[in-house]
Amino acid sequence: DGGITQSPKYLFRKEGQNVTLSCEQNLNHDAMYWYRQDPGQGLRLIYYSQIVNDFQKGDIAEGYSVSREKKESFPLTVTSAQKNPTAFYLCASSMGQGNQPQHFGDGTRLSIL
Amino acid sequence: KNQVEQSPQSLIILEGKNCTLQCNYTVSPFSNLRWYKQDTGRGPVSLTIMTFSENTKSNGRYTATLDADTKQSSLHITASQLSDSASYICVVSSRDWGAGTKLIIKP
């Protein structure tokens, strides 16, 4: 089955630690996205990538980093500079931009120890 | 600042009843409005998309409407089922997301 796989489902971070969230897709989509979802708020865009080896900052990129070395993979690193990392992180992909729907993974819930 | 406001914040209805969820926006420029369904602990799944020239679109028991003049959209669910329990989120121009309406269907 084609889709997006995020791992792990749950992740705990200690103070001062960087953690990396995995996102893999086998839909052959060019564009990939990372969002953060907090209670009572709409999804907020962290980073997006339209093509391999290229990515752009979204609305809340500070404290996060990404890479896009392969079309299928778009990992997100939550660095120690992100002071409020507790949230539900969603990865998505789409064939292109504009009117194309985004296909989402099932998310990673990150909590602070 | 572009905004997307959804109402109500939450809604509880009995199985078999109909309901309507609202999405008002001030986003400019407008290119499209999409409704997503998000089950608890899962990612959103697209239900329907509407462009400027469309004012009604159906997907099974889901019917979305769009009034581009008043910048309002609604999602009407007919004959609700327990599996409709989820959050329903609208997103405008593929970038501005509402906070969603949490819908609970009771047997």
**Request:** Out of the residues in segment B:70-98 that are within 10 Å of chain A (Cβ to nearest Cβ) and in contact with a Cys (Cβ under 6 Å, 6 or more places away or on another chain), state the one that is farthest from A:Gly42 (Cα to Cα).
**Result:** B:Cys90
**Request:** Taking the residues in segment B:1-46 that are of a type in the set (A, V, I, L, M) and in contact (Cβ under 8 Å) with a residue 40 or more places away in the chain as candidates, determine which candidate is farthest from the other protein chains (Cβ to nearest Cβ).
**Result:** B:Leu14
**Request:** Please work out if A:Gly58 is small (Gly, Ala, Ser), in contact with a Phe, Trp or Tyr (Cβ under 7 Å, 6 or more places away or on another chain) and within 14 Å of chain B (Cβ to nearest Cβ).
**Result:** yes
**Message:** For segment B:55-69, check the following and say yes or no: at least one residue is within 14 Å of another protein chain (Cβ to nearest Cβ), buried (at least 20 other Cβ atoms within 10 Å of the Cβ) and among the charged types (D, E, K, R).
**Reply:** no
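Read-outs throughout are calculated quantities, based only on the coordinates presented, and are distinct from any laboratory measurement. Keep in mind it's a predicted model, so treat the numbers as computed, not measured. With ideal geometry, Cβ positions are generated from the backbone for all residues, glycine too; neighbour counts draw on all protein chains shown.
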